[in-house]
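**Q** Here you go, one structure.
The values are calculated or read from the model by the stated rules, or taken from the named source; none is laboratory data. All figures in this text were calculated on a predicted structure; none of them were measured in a lab. Because the Cβ atoms are built from the backbone with ideal geometry, glycine has one as well, and the counts that use them run over all protein chains shown. Areas reflect the complete protein model, heavy atoms only, side chains present, ligands, DNA and RNA absent. Shrake-Rupley method; radii C 1.70, N 1.55, O 1.52, S 1.80 Å.
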Amino acid sequence: PTTPPPAPTTPPPAPTTPPPAATTPPPAAKAPKAEKSEKSAPPATKSTTTPEAKTPPPAPTPSADSKETKPEKPPAESPKESKVAKAEEKSSAEAKEKKGFGWLLNRNKTVEAPKLAELLQGDDADAPVKFLRAVASELCLDTPGFFDGTEGLTVVPDSVPAKSILLHAAVQAEAEKLQPKEAAEGTVKVAKSMIRELVEKAAAIKDSKGKREVLDKVVLLATNSQSLTNTITPDVEAGTPVYEGSLRYKTVEALFDVYLDNCVDDMQETTTAMFGSLMSGQEAPQMSMEQMEARAADAEKAQNTLAAVFKISEGKAQKLLEKKMKVATDQVQKDLMSGLMSGNS
């Protein structure tokens with residue numbers, strides 16, 4: 001009877017084995033946590049791998065690629081090219097400025113007036129052209145021989161009486177077909193063209209007296225053109241026609257200087273003659289004094305007119321005249337003293 005008890009004792013060990021099996025499931029349940037950690041680990045691996053994948057960002061930044069196709073390096077070279085381009089633009093801009101405002105530096109850079117033959121070209125039936133031709137024909141009376149043969153001029157034989165009246169009547173008739181401003185501007189255009197040719201002709205003459213004769217015509221032409229403008233368009237102020245040609249300002253100023261020399265010489269001769277008559281005991285007639293004053297006034301007016309034509313300021317013209325007058329006065333005084341000394345001896 002004692003042997004059967006050991007047999008039931010063997011089954012207890014069998015149930016004890018399941019507990020380890022039961023205990024093993026908990027570790028299996030803990031395994032999911034490890035999976036969670038593994039699941040969480042993948043993001044970490046992703047993050048670690050992503051930095052390796054993020055290595056491409058350094059690849060765009062690497063200087064190797066950017067240095068090869070870097071647009072910044074060409075700009076580094078382009079500054080030189082841009083400087084050259086800017087220099088060229090600046091030079092071209094300066095050239096344009098000189099063309100546009102050269103008269104501030106050199107007065108011969110103004111637009112040149114056309115020559116008279118070019119100005120008078122056009123349709124014979126065109127009213128402005130007919131007016132320009134009529135004006136030129138009248139003004140040519142003040143410059144005989146200088147514009148002979150110019151196409152478009154009306155030539156009236158000297159045998160015809162009062163030809164100046166006929167030519168002026170033609171100007172008035174053509175002016176009535178135009179607006180007053182257009183007529184005034186047309187008269188100035190004609191005067192400028194004629195003055196340009198006369199001034200350049202005077203510059204080509206070597207003799208000072210020859211220059212003076214042509215410049216006298218310039219003064220006469222400028223004065224009469226203003227008078228003509230005031231007659232046909234009294235309500236329009238046209239101003240003095242000026243020289244617009246290819247001569248340099250220094251050349252034009254030299255012509256004015258020659259003109260002053262001749263004017264001063266004339267005044268000096270008159271003054272010397274007057275003092276000579278007084279020193280000889282002969283009273284100079286009162287008329288000669290009046291003539292001398294009138295001549296001096298005419299000379300001053302002519303000088304101012306020519307200065308305006310040459311665009312020389314009134315102050316500068318006055319200084320040039322005073323300088324020359326001082327030299328002439330000193331010379332007259334020397335001549336007078338030498339005459340007194342010779343008379344006393």
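**Q** Can you go through VAL155, VAL188 and tell me which one is among the β-branched types (Val, Ile, Thr), modelled with pLDDT of 95 or more, under 19 Å from GLN121 (Cβ atoms) and open to solvent by 20 Å² or more (accessible area, probe 1.4 Å)? Give the derivation first.
**A** Values: VAL155 fails: modelled with pLDDT of 95 or more.
That would be VAL188, the only listed residue that is among the β-branched types (Val, Ile, Thr), modelled with pLDDT of 95 or more, under 19 Å from GLN121 (Cβ atoms) and open to solvent by 20 Å² or more (accessible area, probe 1.4 Å).
**Q** Do we find a residue being among the acidic types (Asp, Glu) and at pLDDT below 90 anywhere in segment 238-250?
**A** Among the residues of segment 238-250, not one is among the acidic types (Asp, Glu) and at pLDDT below 90, which makes the answer no.
**Q** Right, next: Can you name every residue in segment 158-181 that is closer than 21 Å to ALA125 by Cα and open to solvent by 80 Å² or more (accessible area, probe 1.4 Å)? Can you show your working first?
**A** Of segment 158-181, the ones closer than 21 Å to ALA125 by Cα are 166-181.
Across segment 158-181, the qualifying residues are LEU166, GLU176, LYS177, GLN179, LYS181.
**Q** For segment 135-152, give me each residue that is open to solvent by 50 Å² or more (accessible area, probe 1.4 Å), over 19 Å from ASP123 (Cα atoms) and not in a helix (DSSP H, G or I). If you could, list the steps in order and put the result at the bottom.
**A** Just the residues of segment 135-152 that are open to solvent by 50 Å² or more (accessible area, probe 1.4 Å), to begin with: 141, 144-146, 148-149, 151.
Next, only the ones that are over 19 Å from ASP123 (Cα atoms) stay: 141, 144-146, 148.
Result: PRO144, GLY145, PHE146, ASP148.
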